[in-house]
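Worksheet: one structure, shown below.
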Amino acid sequence: MLIQKVGGSRRNIYERFGGKEGLFSTVIAEECRRLAEPLENLTLEDACIRQTLEQFGSEILHIIKQPRVIELHRLMIAEGKRFPQLSRTIWSAGHHNAKSVLAGWIRKQQAQGRLRTDMDASGLAYAFIHMVTGEAQLQLLTGGPRTTADQDGNTIALSVSLFLTAAQDTDHA
C-alpha cells in the first residue's frame, strides 16, 4: 500500500527504514508524537497549584482514554519482548513524556517554595499520573467500560488532594 502511494520498491522502502521493523517503528513513533501533542502543548500555569493539577489530570485522562492510545498501550505490552525498541518508543512518547512535563512544572513550584523540596519531582509526577490514570486505563486495557465524567472528576479531585497533602509546603499553603 505504501509503495503504491509513494512509489519506489519494497527494497528501497526497507533500505530507507531498516526493514519491516524499522518502517513499523517509524509509523508508530509518528503516531505517538501526534497523540502526545496536546500534552506537550499544555501550558501549566503557576497561579493555582490545585487548578493546574486538575487541568493536567483532566488532559492526561482524556489522552489515555482515546482508543488509539489504548491500542498503542496494548501493542507496547504485547510486542515488548520481540520489539523492545518499539515498546520503548511508545513508553517514551506517552508515559515518560507526561511525567517529564509534570516533573518540570513541579520543579518550578519547588524552586518557588510552593511545593516541598525534599521530595523528588519525578517521583511526585509519577505518583500523581498513576493515581489519576490507573483505574481508567486498566479498565480500558482489560475490555472494561469507560469511566464516566463523574468518576474521572472524583478521581482527579482525590488525586490532587492526596498530592497536595503530601507535597505542598505547609508554610505556603
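For region 68-122, how many residues are more than 19 Å from Gly22 (Cβ to Cβ) and of a type in the set (Phe, Trp, Tyr)? Residues flagged as more than 19 Å from Gly22 (Cβ to Cβ) and of a type in the set (Phe, Trp, Tyr) within region 68-122 amount to 1.
Look at (1) at pLDDT 90 or above; (2) touching a His at 6+ places or on another chain (Cβ under 9 Å); (3) under 24 Å from Glu37 (Cα atoms) and you find that Leu61 fails only one, number (2).
Highlighted here are the helices (runs of 4 or more DSSP H) found entirely within region 92-173 that include at least 1 residues which are of a type in the set (Asp, Glu) and surrounded by fewer than 14 Cβ atoms within 10 Å (Cβ to Cβ): 149-167.
Each residue in region 39-71 was checked for being of a type outside the set (Asp, Glu) and farther than 20 Å from Leu102 by Cβ, and 3 of them qualify. Among the conditions (1) over 22 Å from Pro67 (Cβ atoms); (2) open to solvent by 60 Å² or more (accessible area, probe 1.4 Å); (3) part of a helix (DSSP H, G or I), Leu53 misses just one, which is (2). In the condition set (1) farther than 22 Å from His130 by Cα; (2) assigned to a helix (DSSP H, G or I); (3) in contact (Cβ under 8 Å) with a residue 40 or more places away in the chain, Leu39 is compliant with all but (1). The numbered conditions (1) open to solvent by 90 Å² or more (accessible area, probe 1.4 Å); (2) more than 14 Å from the chain's Cα centre (by Cα) are all true for Thr26 except (1).
The values are calculated or read from the model by the stated rules, or taken from the named source; none is laboratory data. On a predicted model such as this, the values are computed, not experimentally measured, just so you know. When we count neighbours, we look across all protein chains shown, and the Cβ atoms used for this are built from the backbone with ideal geometry, even at glycine. All accessible areas refer to the heavy atoms of the entire protein, side chains included, with ligands and DNA or RNA removed. Shrake-Rupley method; radii C 1.70, N 1.55, O 1.52, S 1.80 Å.
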